[in-house]
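Engineer: Once you've had a glance at the structure underneath, I'll fire off some questions.
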């Protein structure tokens, strides 16, 4: 545990992600269990067992030189490796545990307007539920991760075992906010920004990043949610005014009110007021419930291996506690 902690994997993560279901604190005093733990750690870190068994060798965190870190605080750049590695291991467990009937993945269209028509053929602003339903049906998992090493990330787009996967690290619960984050990450997938061993990692929406890659991913999300390259403008500092303006624009233009409010938040750096505005519109909660609902429909825990079941516990702490729709 000391070596794992020094590598960035604290007990709060190791317990659900690596150790067996039956583990309790008394097991740490039983030397006969050490070989099993060493195998589990070696499997998780992708390191030789001899290296794991040598207490004089620091445990090395796999690095992903091709990872593209976006919207990242400088102080977090070198410390994100444990979270990235852990997320990719969870993604692999999800892909291996998807229902046997799941078809090979189909990447969403690079044209966000075309994808918008697929997601909601009626021409309405796609909801988070619409987006999740479409992505899972395309064979693209969207996975909220409850337990990760810190610092973590907001969203990560990757290719694992030949399948695109979107992982969410922050625990936002506003459906509109999560819909934009998911759409942004899908934009990276659709543009071909990520590849095996080369994930795109967006740490924090509060961090400015005007690179072409991020601008294009934001444009993709706007086109999907609003049907335009630009989001209608609202102004003010009172959350009730913002909510009223956004609701009126939604009725007039069909643009999603949530997207309008969070565009204001992004420009003004004020997500607290935006969250209050969303609550005023009764759209401040429910995203994580929807994420779990779709996860439960498409991931077969009964078919997962023991080590994959441990990794899947990171999704919601305990995958036995399924969401109820």
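None of the figures in this text is laboratory data; all of them are computed from the coordinates on show. Treat the numbers as computed from the prediction; the structure is a model and nothing was measured. As a convention, Cβ positions derive from the backbone with ideal geometry for all residues, glycine included, and neighbour counts pool all protein chains shown.
Engineer: Find the centroid of the Cα atoms in region 67-93 and in region 119-139, then give the distance between the two in whole Å.
Structural biologist: Cα centroid to Cα centroid, the span is 28 Å.
Engineer: Defining a contact as two alpha carbons under 8 Å apart and six or more residues distant in sequence, what relative contact order in percent does the chain show?
Structural biologist: On the way: 539 pairs, mean separation 74.4, N = 325.
In percent, rounded to a whole number, it is 23.
Engineer: How far apart, in nm, are two points set 7 Å out from the Cα along the Cα-to-Cβ line at residue 235 and at residue 36?
Structural biologist: Inter-label distance under the simple model: 6.6 nm.
Engineer: Oh, and also: So what's the angle, to the nearest 10 degrees on a 0 to 90 scale, between helix 306-316 and the longest Cα principal axis of the chain?
Structural biologist: 40 degrees
Engineer: To the nearest 10 degrees, how steeply does helix 271-280 sit against the main Cα axis of the chain, on a 0 to 90 scale?
Structural biologist: The angle comes out near 70 degrees.
Engineer: Using Cα atoms only, what is the angle between the long axis of helix 239-253 and the major principal axis of the chain, expressed in degrees (0 to 90) to the nearest 10?
Structural biologist: The answer is roughly 70 degrees.
Engineer: Could you give me D for region 14-130, from Stokes-Einstein at 37 °C and 0.692 mPa s, where the hydrodynamic radius is the Kirkwood radius over C-alpha pairs? Units µm² s⁻¹, please. Mind dumping the intermediate values first?
Structural biologist: On the way: Rh = 18.6 Å.
Value of D from the Cα-based Kirkwood radius: 176 µm²/s.
Engineer: Let me ask something else about it. Read through the labelled values (1) 20.5, 68; (2) 21.9, 88; (3) 19.4, 63 and report the label of the one computed as Rg and Dmax of the Cα atoms in Å from the structure.
Structural biologist: For Rg and Dmax of the Cα atoms in Å, the calculated option is (1).
Engineer: Tally the DSSP beta bridges in the chain and give the antiparallel ones as a percent, rounded to 5. Intermediate results must be reported in sequence, preceding the final value.
Structural biologist: Numbers: 11 of 17 bridges.
Beta bridges within the chain, antiparallel portion: roughly 65 percent.
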